[in-house]
Amino acid sequence: MPRSIAKDHAEKRSHILKIAARIFADQGFTRASMSLVARECGTSKANIYHYYDSKDALLFDILDSYLSSLRDRVLGLPIEDLAPAAQLERVILEFLIAYEGMDYVHKVQTEGIALLDKDRQEILKDYQRELVRHLGAVISGTAPMVFSEEPHKLRPTVMSVFGMINWFYMWNGSADKKARQDYAGFVTKLTLNGVHGL
């Protein structure tokens, strides 16, 4: 008879993911051990293996949970009725809010995707591609003539906006919501109008 899932399974899994992300970020994935994860979670190694059959499976679930949630959050924003510039500002703000408190996961993401097998890498990279395409569509909507005539300019524009978002997350991790809202407006103005529009 199959073993039933405990009522607190999701809560325990979430706790393991949070602790493991911190350990993988601090120790590096290759140096970290499942024994250390178990100890920091206050449980046994056998119990960790009840949830994850390998360290790779644990790494994948950290990143899959985060990136799929980020994808759903950003792509699910109800922005259709907003003007193009307001759409861009709203999407940028959502990234800034979603990044709050995710330092460990971002560090793990930087190192970890390349350590997984190709199939798992593709799943995670697909989430990233969807986010890039979505932001690209929003940016393109702010200046359709520019990007229809010179489409090669869209990707560097999109990645530059991500660069500005990531800069804020890296250097202003303790910023409150008001500071994130102000910065979202700043990035929007800088993207659409350049320094003369500030």
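The values are calculated or read from the model by the stated rules, or taken from the named source; none is laboratory data. Source: prediction; values computed, not measured. Every residue, glycine as well, gets a Cβ built from its backbone with ideal geometry; the counts of neighbours run over all protein chains shown. With ligands, DNA and RNA removed, areas are computed over all heavy atoms of the protein, side chains included. Shrake-Rupley method; radii C 1.70, N 1.55, O 1.52, S 1.80 Å.
Mind checking Rg over Rh on the stretch 17-59, alpha carbons, Kirkwood formula for Rh? If you can, show how the numbers build up before the last one.
On the way: Rg = 9.1 Å, Rh = 10.0 Å.
We get a ratio of 0.91 for the stretch 17-59.
Any chance you could tell me what percent of the C-alpha pair distances in the chain go past 31 Å? Each step should come with its number before you reach the end.
Values: 5705 of 19503 pairs.
When all Cα pairs of the chain are counted, 29 percent exceed 31 Å.
Summarise the accessible area of the stretch 1-143 (1.4 Å probe, protein heavy atoms) by the percent that is carbon and sulfur.
Summing carbon and sulfur atoms, their accessible area is 50 percent of the total for the stretch 1-143.
Measure up K125/K189; K118/K153; K12/K177; K125/K178; K153/K189; K18/K55 against 21 Å on the Cα-Cα distance and list the ones that go over. Don't jump to the answer; show the numbers that get you there.
On the way: K125/K189 29 Å; K118/K153 30 Å; K12/K177 29 Å; K125/K178 31 Å; K153/K189 18 Å; K18/K55 14 Å.
Beyond 21 Å between Cα atoms: K125/K189; K118/K153; K12/K177; K125/K178.
Kindly write out, for the stretch 66-77 in residue order, the coupling ³J(HN,Hα) from the Karplus curve 6.51 cos²θ - 1.76 cosθ + 1.60 (θ = phi - 60°), rounded to whole Hz, with x marking Gly and Pro.
5, 5, 5, 5, 5, 4, 5, 5, 6, 5, x, 5
Might you work out the accessible area of L115 for me, using a 1.4 Å probe with all protein chains in place, and round it to the nearest 10 Å²?
Counting only protein heavy atoms, the figure is 70 Å².
Once you list every other residue whose beta carbon is under 14 Å from the beta carbon of V187, what net charge do they have if Lys and Arg are +1 and Asp and Glu are -1?
Working: positive: R90, R180, K189; negative: E89, E94, D182.
Spelling it out: positives minus negatives among the neighbours equals 0.
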